[in-house]
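Some notes on the structure that comes next.
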Amino acid sequence: MVEHKIRSDVAGRVWQVLKGVGNSVKADEPVVIIEAMKMEIPVVSGTDGQVLSILVREGDEVAEDQVIFAIESGA
């Protein structure tokens, strides 16, 4: 199994966490929505897999390129 780190594309505030630990995700599926400059920006999984850990909560401030999720994939 390989652990993939999902990073925020922008600085902002976590508006919504869409997946929980243990949930399955598909590549390009949104896992978090970040609010920045009055826009809602989805952060997507880069691979198919299972959510291993969530490092943010709704309302948290995040920096650009901050690790926010870990996904475990079979490849």
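Of the conditions (1) under 14 Å from VAL14 (Cα atoms); (2) surrounded by 13 or more Cβ atoms within 10 Å (Cβ to Cβ); (3) among the aliphatic types (A, V, I, L, M), ALA70 clears all except one; give me its number.
Answer for ALA70: the failing condition is (1).
Considering only residues of the stretch 32-62 that are surrounded by 13 or more Cβ atoms within 10 Å (Cβ to Cβ) and charged (D, E, K, R), which is nearest to GLY12 (Cα to Cα)?
In this case the residue turns out to be GLU35.
Identify all residues within the stretch 35-75 that are farther than 16 Å from LYS5 by Cβ and in a strand (DSSP E or B); write none if there are none.
GLU35, ALA36, MET39, GLU40, ILE41, PRO42, GLU61
Read-outs throughout are calculated quantities, based only on the coordinates presented, and are distinct from any laboratory measurement. This is a predicted model, so every value here is computed, not measured. All Cβ positions, even for glycine, are placed from backbone atoms using ideal geometry, and neighbour counts span all protein chains on display.
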